[in-house]
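Participant: Have a look at the structure that comes next, please.
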Amino acid sequence: MFPRHLSISARLILGATFWCVLAVLVTGVVLVQLFARHIEHEFDSSLENDLVHLVANTALQDGRIAVLRGAFQSRYEQPFSGWAWQVRDGQVVLAQSGSLGPAVAGFAEVLTPPIGEVGQFSAPGNIPSRGLSREVRLKGTSRPLLFAIARPADTLVNALRDFRQVVALVLSVLALGLIATVFLLMRIGLSPLGDLRSKVQAMRTGQKAPDTPVWPAELAPVASELDDLESDIDRLVSRARTSAADLAHAVKTPLATLKHLMAGVDTRDRQRFANQLARIDDYLNRYLSQSRAAGTGTRLVSVKTTVEDILAALAPETERRCLNIKTNVPATAMFRGDEVDLYELVGSLLDNAVKWARSAITVEAGTDGSSLQLLIEDDGPGIPETERGAVFVRGRRLDETAPGQGLGLSIVADLVDLYRGKVSLEQGASGGCLVRLELPGNG
(Lines give C-alpha, C1' and ligand atoms only; values in the text may rest on other atoms or scores of the structure.)
Protein backbone atom coordinates (compact mmCIF):
# COMPACT_ATOMS: atom_id res chain seq x y z
CA MET A 1 0.00 0.00 0.00
CA PHE A 2 2.85 2.37 0.87
CA PRO A 3 6.24 2.74 -0.87
CA ARG A 4 8.91 0.60 0.77
CA HIS A 5 11.21 3.55 1.39
CA LEU A 6 8.72 5.19 3.80
CA SER A 7 9.57 4.98 7.49
CA ILE A 8 7.35 3.14 9.96
CA SER A 9 6.24 6.42 11.55
CA ALA A 10 5.37 7.89 8.13
CA ARG A 11 3.33 4.78 7.26
CA LEU A 12 1.47 4.84 10.57
CA ILE A 13 0.78 8.57 10.34
CA LEU A 14 -0.41 8.35 6.72
CA GLY A 15 -2.55 5.30 7.48
CA ALA A 16 -4.08 6.87 10.58
CA THR A 17 -4.67 10.13 8.67
CA PHE A 18 -6.44 8.25 5.89
CA TRP A 19 -8.78 6.45 8.29
CA CYS A 20 -9.39 9.61 10.34
CA VAL A 21 -10.36 11.56 7.22
CA LEU A 22 -12.52 8.67 5.99
CA ALA A 23 -14.26 8.36 9.38
CA VAL A 24 -14.87 12.10 9.51
CA LEU A 25 -16.30 12.13 5.97
CA VAL A 26 -18.61 9.19 6.70
CA THR A 27 -19.67 10.85 9.96
CA GLY A 28 -20.41 14.10 8.12
CA VAL A 29 -22.50 12.34 5.46
CA VAL A 30 -24.46 10.42 8.10
CA LEU A 31 -25.06 13.56 10.20
CA VAL A 32 -26.26 15.54 7.17
CA GLN A 33 -28.60 12.72 6.13
CA LEU A 34 -30.03 12.40 9.64
CA PHE A 35 -30.46 16.16 9.95
CA ALA A 36 -32.11 16.32 6.50
CA ARG A 37 -34.62 13.67 7.55
CA HIS A 38 -35.24 15.38 10.88
CA ILE A 39 -35.72 18.88 9.48
CA GLU A 40 -37.93 17.57 6.68
CA HIS A 41 -40.06 15.73 9.22
CA GLU A 42 -40.31 18.87 11.37
CA PHE A 43 -41.11 20.96 8.30
CA ASP A 44 -43.87 18.60 7.19
CA SER A 45 -45.29 18.30 10.70
CA SER A 46 -45.42 22.09 11.00
CA LEU A 47 -47.24 22.30 7.65
CA GLU A 48 -49.82 19.74 8.74
CA ASN A 49 -50.32 21.62 12.01
CA ASP A 50 -50.87 24.86 10.07
CA LEU A 51 -53.40 23.08 7.85
CA VAL A 52 -55.29 21.81 10.92
CA HIS A 53 -55.11 25.33 12.33
CA LEU A 54 -56.52 26.72 9.05
CA VAL A 55 -59.44 24.30 9.12
CA ALA A 56 -60.10 25.05 12.79
CA ASN A 57 -60.25 28.81 12.10
CA THR A 58 -62.54 28.55 9.06
CA ALA A 59 -66.34 28.72 9.36
CA LEU A 60 -69.47 29.42 7.28
CA GLN A 61 -70.96 32.82 8.18
CA ASP A 62 -73.97 34.27 6.43
CA GLY A 63 -73.49 31.80 3.59
CA ARG A 64 -69.88 32.79 3.06
CA ILE A 65 -66.56 31.22 4.11
CA ALA A 66 -64.78 33.28 6.75
CA VAL A 67 -61.23 32.70 8.06
CA LEU A 68 -59.89 34.25 11.24
CA ARG A 69 -56.83 36.13 9.88
CA GLY A 70 -55.09 36.80 13.15
CA ALA A 71 -54.67 33.11 13.78
CA PHE A 72 -51.74 32.74 11.30
CA GLN A 73 -48.15 33.88 11.21
CA SER A 74 -47.56 37.26 9.61
CA ARG A 75 -45.39 35.63 6.93
CA TYR A 76 -48.59 34.22 5.35
CA GLU A 77 -49.61 37.82 4.68
CA GLN A 78 -46.41 39.05 2.98
CA PRO A 79 -46.74 39.22 -0.83
CA PHE A 80 -44.55 36.81 -2.81
CA SER A 81 -43.13 35.30 0.40
CA GLY A 82 -44.08 31.78 -0.71
CA TRP A 83 -46.02 31.27 2.54
CA ALA A 84 -49.62 30.74 1.41
CA TRP A 85 -52.94 29.07 2.20
CA GLN A 86 -56.14 28.79 0.21
CA VAL A 87 -59.70 27.49 0.57
CA ARG A 88 -61.46 26.38 -2.60
CA ASP A 89 -64.70 24.92 -3.75
CA GLY A 90 -63.53 22.99 -6.78
CA GLN A 91 -61.65 25.57 -8.79
CA VAL A 92 -63.42 28.53 -7.17
CA VAL A 93 -61.24 30.30 -4.61
CA LEU A 94 -63.31 31.15 -1.52
CA ALA A 95 -60.52 32.55 0.70
CA GLN A 96 -56.72 32.81 0.65
CA SER A 97 -53.78 34.33 2.48
CA GLY A 98 -52.69 37.90 1.98
CA SER A 99 -49.51 36.69 0.25
CA LEU A 100 -51.72 35.56 -2.70
CA GLY A 101 -53.78 38.74 -2.84
CA PRO A 102 -57.57 39.18 -2.57
CA ALA A 103 -59.75 36.15 -3.34
CA VAL A 104 -61.52 37.43 -6.46
CA ALA A 105 -63.39 34.70 -8.28
CA GLY A 106 -62.08 34.18 -11.78
CA PHE A 107 -58.87 36.13 -11.11
CA ALA A 108 -57.20 34.32 -8.21
CA GLU A 109 -54.49 31.76 -9.02
CA VAL A 110 -55.11 28.25 -7.77
CA LEU A 111 -52.73 26.80 -5.11
CA THR A 112 -52.28 23.15 -6.08
CA PRO A 113 -50.12 21.24 -3.60
CA PRO A 114 -50.36 17.42 -3.48
CA ILE A 115 -53.52 16.06 -1.89
CA GLY A 116 -53.20 14.00 1.28
CA GLU A 117 -49.45 14.27 1.85
CA VAL A 118 -46.67 16.85 1.81
CA GLY A 119 -44.82 17.20 -1.48
CA GLN A 120 -42.96 19.52 -3.83
CA PHE A 121 -44.78 21.79 -6.29
CA SER A 122 -44.66 25.28 -7.86
CA ALA A 123 -46.71 27.90 -6.08
CA PRO A 124 -48.18 30.95 -7.87
CA GLY A 125 -45.34 33.18 -9.00
CA ASN A 126 -43.30 30.09 -9.97
CA ILE A 127 -41.99 29.74 -6.42
CA PRO A 128 -40.58 26.27 -5.58
CA SER A 129 -42.70 25.25 -2.63
CA ARG A 130 -43.56 22.37 -0.37
CA GLY A 131 -47.13 21.88 0.78
CA LEU A 132 -50.24 19.69 1.02
CA SER A 133 -54.05 19.93 0.64
CA ARG A 134 -57.03 18.06 2.04
CA GLU A 135 -60.79 18.01 1.48
CA VAL A 136 -62.76 18.86 4.58
CA ARG A 137 -66.54 19.25 4.93
CA LEU A 138 -67.42 22.12 7.22
CA LYS A 139 -70.60 22.42 9.22
CA GLY A 140 -73.28 23.96 7.09
CA THR A 141 -71.66 23.18 3.73
CA SER A 142 -73.25 20.86 1.21
CA ARG A 143 -69.98 19.39 -0.08
CA PRO A 144 -66.29 19.16 1.01
CA LEU A 145 -64.02 22.17 0.55
CA LEU A 146 -60.32 21.92 -0.43
CA PHE A 147 -57.90 23.39 2.11
CA ALA A 148 -54.33 23.97 0.76
CA ILE A 149 -51.22 25.29 2.51
CA ALA A 150 -47.59 25.78 1.37
CA ARG A 151 -44.23 27.15 2.37
CA PRO A 152 -41.18 28.04 0.20
CA ALA A 153 -38.87 25.07 -0.31
CA ASP A 154 -35.78 27.24 0.11
CA THR A 155 -36.55 27.41 3.86
CA LEU A 156 -35.67 23.73 4.05
CA VAL A 157 -32.76 24.04 1.61
CA ASN A 158 -31.22 27.00 3.47
CA ALA A 159 -31.45 25.25 6.82
CA LEU A 160 -29.79 22.16 5.36
CA ARG A 161 -27.06 24.28 3.72
CA ASP A 162 -26.31 26.11 6.98
CA PHE A 163 -26.12 22.78 8.81
CA ARG A 164 -23.71 21.40 6.19
CA GLN A 165 -21.43 24.40 6.66
CA VAL A 166 -21.42 24.04 10.43
CA VAL A 167 -20.78 20.28 10.16
CA ALA A 168 -17.97 20.83 7.65
CA LEU A 169 -16.31 23.40 9.91
CA VAL A 170 -16.64 21.33 13.08
CA LEU A 171 -15.52 18.07 11.47
CA SER A 172 -12.58 19.78 9.74
CA VAL A 173 -11.36 21.08 13.09
CA LEU A 174 -11.96 17.63 14.57
CA ALA A 175 -10.03 15.96 11.73
CA LEU A 176 -7.09 18.34 12.13
CA GLY A 177 -7.12 17.74 15.87
CA LEU A 178 -7.18 13.97 15.36
CA ILE A 179 -4.34 14.11 12.84
CA ALA A 180 -2.26 16.30 15.16
CA THR A 181 -3.00 13.92 18.05
CA VAL A 182 -2.03 10.91 15.93
CA PHE A 183 1.21 12.62 14.88
CA LEU A 184 2.04 13.50 18.49
CA LEU A 185 1.22 10.01 19.74
CA MET A 186 3.30 8.44 16.98
CA ARG A 187 6.26 10.64 17.84
CA ILE A 188 5.94 9.80 21.53
CA GLY A 189 5.16 6.13 20.96
CA LEU A 190 8.00 5.56 18.49
CA SER A 191 10.61 7.61 20.33
CA PRO A 192 12.07 4.44 21.96
CA LEU A 193 13.01 3.30 18.44
CA GLY A 194 15.30 6.33 18.24
CA ASP A 195 16.91 5.22 21.53
CA LEU A 196 17.30 1.72 20.08
CA ARG A 197 18.94 3.19 16.97
CA SER A 198 21.35 5.16 19.16
CA LYS A 199 22.18 1.97 21.02
CA VAL A 200 22.94 0.09 17.78
CA GLN A 201 24.94 3.05 16.43
CA ALA A 202 26.95 3.16 19.66
CA MET A 203 27.65 -0.57 19.28
CA ARG A 204 28.85 -0.03 15.71
CA THR A 205 31.13 2.89 16.56
CA GLY A 206 32.31 1.46 19.87
CA GLN A 207 30.86 4.32 21.94
CA LYS A 208 28.95 4.00 25.17
CA ALA A 209 25.23 3.80 24.53
CA PRO A 210 23.06 6.47 26.23
CA ASP A 211 21.31 5.29 29.37
CA THR A 212 17.72 4.14 28.88
CA PRO A 213 16.25 3.40 32.35
CA VAL A 214 13.23 1.42 31.21
CA TRP A 215 12.52 -0.04 27.76
CA PRO A 216 8.92 -0.51 26.62
CA ALA A 217 7.69 -4.08 26.92
CA GLU A 218 7.79 -4.55 23.13
CA LEU A 219 11.44 -3.42 22.84
CA ALA A 220 12.83 -4.81 26.08
CA PRO A 221 13.60 -8.27 24.56
CA VAL A 222 15.33 -6.63 21.58
CA ALA A 223 17.42 -4.38 23.85
CA SER A 224 18.35 -7.38 25.99
CA GLU A 225 19.41 -9.34 22.90
CA LEU A 226 21.53 -6.38 21.76
CA ASP A 227 23.25 -6.27 25.14
CA ASP A 228 24.02 -9.99 24.88
CA LEU A 229 25.20 -9.53 21.29
CA GLU A 230 27.48 -6.68 22.33
CA SER A 231 29.01 -8.84 25.06
CA ASP A 232 29.51 -11.72 22.61
CA ILE A 233 31.13 -9.39 20.05
CA ASP A 234 33.47 -7.96 22.71
CA ARG A 235 34.50 -11.50 23.72
CA LEU A 236 35.03 -12.56 20.10
CA VAL A 237 37.02 -9.42 19.27
CA SER A 238 39.13 -9.79 22.37
CA ARG A 239 39.77 -13.46 21.55
CA ALA A 240 40.60 -12.63 17.93
CA ARG A 241 43.00 -9.86 18.90
CA THR A 242 44.70 -12.12 21.43
CA SER A 243 44.95 -14.94 18.89
CA ALA A 244 46.34 -12.59 16.23
CA ALA A 245 48.90 -11.19 18.65
CA ASP A 246 49.92 -14.67 19.80
CA LEU A 247 50.27 -15.81 16.20
CA ALA A 248 52.31 -12.76 15.26
CA HIS A 249 54.66 -13.19 18.21
CA ALA A 250 54.94 -16.91 17.52
CA VAL A 251 55.91 -16.26 13.90
CA LYS A 252 58.27 -13.37 14.64
CA THR A 253 60.66 -15.65 16.51
CA PRO A 254 61.16 -17.99 13.51
CA LEU A 255 61.47 -14.90 11.30
CA ALA A 256 64.21 -13.53 13.48
CA THR A 257 65.95 -16.90 13.31
CA LEU A 258 65.65 -16.94 9.52
CA LYS A 259 67.12 -13.45 9.31
CA HIS A 260 70.05 -14.60 11.45
CA LEU A 261 70.60 -17.71 9.34
CA MET A 262 70.37 -15.62 6.17
CA ALA A 263 73.88 -14.36 6.86
CA GLY A 264 75.21 -17.69 5.64
CA VAL A 265 73.23 -17.62 2.43
CA ASP A 266 74.97 -16.90 -0.83
CA THR A 267 75.14 -13.14 -1.53
CA ARG A 268 73.28 -13.60 -4.80
CA ASP A 269 70.18 -15.02 -3.03
CA ARG A 270 70.43 -13.00 0.17
CA GLN A 271 68.49 -9.99 -1.19
CA ARG A 272 65.67 -12.20 -2.47
CA PHE A 273 65.37 -13.85 0.95
CA ALA A 274 65.45 -10.43 2.62
CA ASN A 275 62.66 -9.15 0.39
CA GLN A 276 60.43 -12.15 1.10
CA LEU A 277 61.06 -11.96 4.84
CA ALA A 278 60.25 -8.22 4.78
CA ARG A 279 57.03 -8.98 2.93
CA ILE A 280 56.03 -11.58 5.55
CA ASP A 281 56.85 -9.09 8.31
CA ASP A 282 54.68 -6.44 6.63
CA TYR A 283 51.78 -8.89 6.34
CA LEU A 284 52.01 -9.67 10.04
CA ASN A 285 52.01 -5.97 10.90
CA ARG A 286 49.01 -5.45 8.62
CA TYR A 287 46.90 -8.14 10.30
CA LEU A 288 47.95 -6.94 13.73
CA SER A 289 46.66 -3.50 12.73
CA GLN A 290 43.39 -5.03 11.59
CA SER A 291 42.94 -6.80 14.93
CA ARG A 292 43.62 -3.51 16.74
CA ALA A 293 41.16 -1.56 14.58
CA ALA A 294 38.27 -3.89 15.47
CA GLY A 295 36.35 -2.65 18.50
CA THR A 296 38.59 0.32 19.40
CA GLY A 297 36.09 3.08 18.63
CA THR A 298 35.84 4.42 22.20
CA ARG A 299 39.46 5.63 22.50
CA LEU A 300 40.43 9.17 21.51
CA VAL A 301 43.96 9.84 20.29
CA SER A 302 45.48 13.34 19.95
CA VAL A 303 46.34 14.03 16.31
CA LYS A 304 48.59 16.95 17.28
CA THR A 305 50.75 14.76 19.56
CA THR A 306 50.96 12.02 16.92
CA VAL A 307 52.07 14.42 14.17
CA GLU A 308 54.66 16.04 16.44
CA ASP A 309 56.11 12.65 17.47
CA ILE A 310 56.36 11.44 13.87
CA LEU A 311 57.95 14.69 12.68
CA ALA A 312 60.44 14.41 15.55
CA ALA A 313 61.36 10.92 14.36
CA LEU A 314 61.76 12.24 10.80
CA ALA A 315 63.71 15.31 11.90
CA PRO A 316 67.16 13.99 10.88
CA GLU A 317 65.99 13.46 7.31
CA THR A 318 63.98 16.70 7.07
CA GLU A 319 66.89 18.72 8.48
CA ARG A 320 69.39 17.05 6.17
CA ARG A 321 67.26 18.02 3.17
CA CYS A 322 66.38 21.46 4.63
CA LEU A 323 62.62 20.82 4.29
CA ASN A 324 60.26 23.51 5.58
CA ILE A 325 57.54 21.79 7.66
CA LYS A 326 54.33 23.76 8.39
CA THR A 327 51.68 22.31 10.69
CA ASN A 328 48.21 23.55 11.57
CA VAL A 329 46.81 20.87 13.86
CA PRO A 330 44.57 22.09 16.70
CA ALA A 331 44.75 20.37 20.07
CA THR A 332 41.03 19.58 19.82
CA ALA A 333 41.53 17.33 16.76
CA MET A 334 41.09 13.75 17.96
CA PHE A 335 41.11 10.35 16.25
CA ARG A 336 38.66 7.70 17.48
CA GLY A 337 40.58 4.45 17.25
CA ASP A 338 43.85 2.76 18.10
CA GLU A 339 46.92 4.93 18.70
CA VAL A 340 49.25 2.55 16.84
CA ASP A 341 47.00 2.67 13.78
CA LEU A 342 47.08 6.47 13.71
CA TYR A 343 50.88 6.41 13.99
CA GLU A 344 51.06 3.96 11.10
CA LEU A 345 48.65 5.99 8.95
CA VAL A 346 50.25 9.39 9.54
CA GLY A 347 53.74 7.94 9.60
CA SER A 348 53.37 6.26 6.21
CA LEU A 349 51.93 9.41 4.64
CA LEU A 350 54.53 11.75 6.16
CA ASP A 351 57.35 9.37 5.27
CA ASN A 352 56.09 9.35 1.70
CA ALA A 353 55.82 13.16 1.68
CA VAL A 354 59.39 13.55 3.02
CA LYS A 355 60.62 11.14 0.36
CA TRP A 356 59.20 13.20 -2.52
CA ALA A 357 59.12 16.79 -1.24
CA ARG A 358 61.52 19.31 -2.77
CA SER A 359 61.47 21.98 -0.10
CA ALA A 360 58.18 22.11 1.88
CA ILE A 361 55.52 19.96 3.54
CA THR A 362 52.22 21.17 5.02
CA VAL A 363 50.12 19.26 7.55
CA GLU A 364 46.61 20.45 8.48
CA ALA A 365 43.86 18.86 10.56
CA GLY A 366 40.32 19.76 11.56
CA THR A 367 36.95 18.30 12.44
CA ASP A 368 33.74 18.21 10.45
CA GLY A 369 30.86 16.90 12.54
CA SER A 370 31.95 13.46 13.74
CA SER A 371 34.79 13.17 11.21
CA LEU A 372 38.47 14.02 11.41
CA GLN A 373 39.91 15.73 8.32
CA LEU A 374 43.68 15.43 7.77
CA LEU A 375 45.55 17.06 4.85
CA ILE A 376 49.20 16.34 4.02
CA GLU A 377 50.74 18.21 1.07
CA ASP A 378 54.24 18.22 -0.41
CA ASP A 379 55.76 20.29 -3.20
CA GLY A 380 57.23 17.30 -5.02
CA PRO A 381 56.55 16.17 -8.60
CA GLY A 382 53.04 15.04 -7.70
CA ILE A 383 51.18 12.01 -9.07
CA PRO A 384 49.47 12.01 -12.47
CA GLU A 385 45.69 11.72 -12.18
CA THR A 386 45.66 8.46 -14.16
CA GLU A 387 48.12 6.88 -11.71
CA ARG A 388 46.61 7.99 -8.40
CA GLY A 389 44.55 4.86 -7.90
CA ALA A 390 47.55 2.59 -8.57
CA VAL A 391 49.56 3.77 -5.57
CA PHE A 392 47.11 2.00 -3.23
CA VAL A 393 47.63 -1.37 -4.96
CA ARG A 394 49.71 -3.72 -2.84
CA GLY A 395 53.29 -3.99 -4.11
CA ARG A 396 52.80 -1.33 -6.82
CA ARG A 397 55.43 1.48 -6.96
CA LEU A 398 55.36 4.30 -9.50
CA ASP A 399 59.12 4.79 -9.18
CA GLU A 400 60.92 1.44 -9.07
CA THR A 401 64.23 3.17 -8.28
CA ALA A 402 62.94 4.44 -4.94
CA PRO A 403 63.47 2.22 -1.88
CA GLY A 404 60.59 0.24 -0.37
CA GLN A 405 58.32 -2.71 -1.01
CA GLY A 406 55.24 -0.76 -2.19
CA LEU A 407 53.24 -1.74 0.90
CA GLY A 408 53.01 1.57 2.82
CA LEU A 409 50.12 3.20 1.00
CA SER A 410 48.28 -0.09 0.53
CA ILE A 411 48.35 -0.61 4.30
CA VAL A 412 47.07 2.97 4.68
CA ALA A 413 44.19 2.14 2.35
CA ASP A 414 43.43 -1.06 4.32
CA LEU A 415 43.35 0.76 7.66
CA VAL A 416 41.22 3.58 6.26
CA ASP A 417 38.77 0.99 4.97
CA LEU A 418 38.69 -0.78 8.34
CA TYR A 419 37.74 2.51 10.03
CA ARG A 420 35.20 3.25 7.28
CA GLY A 421 37.07 6.39 6.34
CA LYS A 422 38.12 7.91 3.03
CA VAL A 423 41.50 8.64 1.47
CA SER A 424 42.11 10.45 -1.79
CA LEU A 425 45.03 11.93 -3.72
CA GLU A 426 44.80 15.35 -5.33
CA GLN A 427 47.08 17.93 -6.86
CA GLY A 428 48.19 20.48 -4.27
CA ALA A 429 48.48 24.24 -4.68
CA SER A 430 52.26 23.88 -5.19
CA GLY A 431 51.80 21.22 -7.87
CA GLY A 432 52.79 18.38 -5.58
CA CYS A 433 50.69 15.63 -4.02
CA LEU A 434 47.88 16.44 -1.58
CA VAL A 435 46.57 13.54 0.52
CA ARG A 436 43.07 14.06 1.93
CA LEU A 437 42.24 11.70 4.79
CA GLU A 438 38.87 11.36 6.54
CA LEU A 439 38.62 9.22 9.70
CA PRO A 440 36.34 8.84 12.76
CA GLY A 441 36.80 11.85 15.02
CA ASN A 442 35.64 13.14 18.36
CA GLY A 443 32.32 14.62 17.13
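The values are calculated or read from the model by the stated rules, or taken from the named source; none is laboratory data. Here the structure is a predicted model, which means the values were calculated and not measured. Every residue, glycine among them, receives a Cβ derived from its backbone with ideal geometry; neighbour counts consider all protein chains shown. The area values use the complete protein model at the heavy-atom level, side chains included, leaving out ligands, DNA and RNA. Shrake-Rupley method; radii C 1.70, N 1.55, O 1.52, S 1.80 Å.
Participant: Using per-residue counts of other Cβ atoms within 10 Å, averaged over each peptide, order 156-166, 337-347 from highest down. Don't skip to the answer; put the middle values down first.
Facilitator: On the way: 156-166: 13.3, 337-347: 20.9.
Top of the packing list down: 337-347, 156-166.
Participant: Any idea of the accessible area per residue across segment 108-160, 1.4 Å probe, to the nearest Å²? Numbers along the way, then the final one.
Facilitator: Values: 2670 Å² over 53 residues.
Using a 1.4 Å probe on heavy atoms only, each residue of segment 108-160 averages 50 Å².
Participant: Which value, in debye to the nearest 20, gives the size of the charge dipole of segment 30-93 about its Cα centre, when Lys and Arg are +1 and Asp and Glu are -1 at the Cβ? Intermediate values should be presented prior to the final figure.
Facilitator: On the way: 5 positive and 8 negative charges, 30 e Å.
Around 140 debye, computed over segment 30-93.
Participant: If you don't mind, another one. Based on a Kirkwood Rh over C-alpha pairs, give the Stokes-Einstein translational diffusion coefficient of segment 1-156 at 37 °C and viscosity 0.692 mPa s in µm²/s. Show your work: numbers first, answer last.
Facilitator: Details: Rh = 18.4 Å.
After rounding, the answer is 179 µm²/s.
Participant: At 7 Å along the Cα-to-beta-carbon direction for both Arg436 and Leu174, put a label point, then send me their distance in nm to one decimal.
Facilitator: 5.9 nm
Participant: Sticking with the crude label model, points 7 Å out along Cα→Cβ, report the distance from Trp215 to Arg321 in nm, one decimal please.
Facilitator: The two pseudo-label positions are separated by 5.5 nm.
Participant: Let me ask you something else. Could you give the length gained on full extension between Ala159 and Gln78, defined as 0.36 nm per residue of separation minus the Cα-Cα distance, in nm?
Facilitator: On the way: separation 81, 0.36 × 81 = 29.16 nm, distance 2.07 nm.
Here the segment from Ala159 to Gln78 would lengthen by 27.1 nm.
Participant: A follow-up question, please. What figure, in Å² to the nearest 10, do you get for the accessible area of Glu438 with a 1.4 Å probe and non-protein molecules left out?
Facilitator: Glu438 exposes around 60 Å² with every protein chain in place.
Participant: Oh, and also: Return the FRET efficiency for the residue pair Glu426, Ala313: r is the Cβ-Cβ distance, R0 is 30 Å, and the value is rounded to the nearest 0.05.
Facilitator: On the way: r = 26 Å, r/R0 = 0.87.
Computed FRET efficiency for Glu426 and Ala313 comes out at 0.70.
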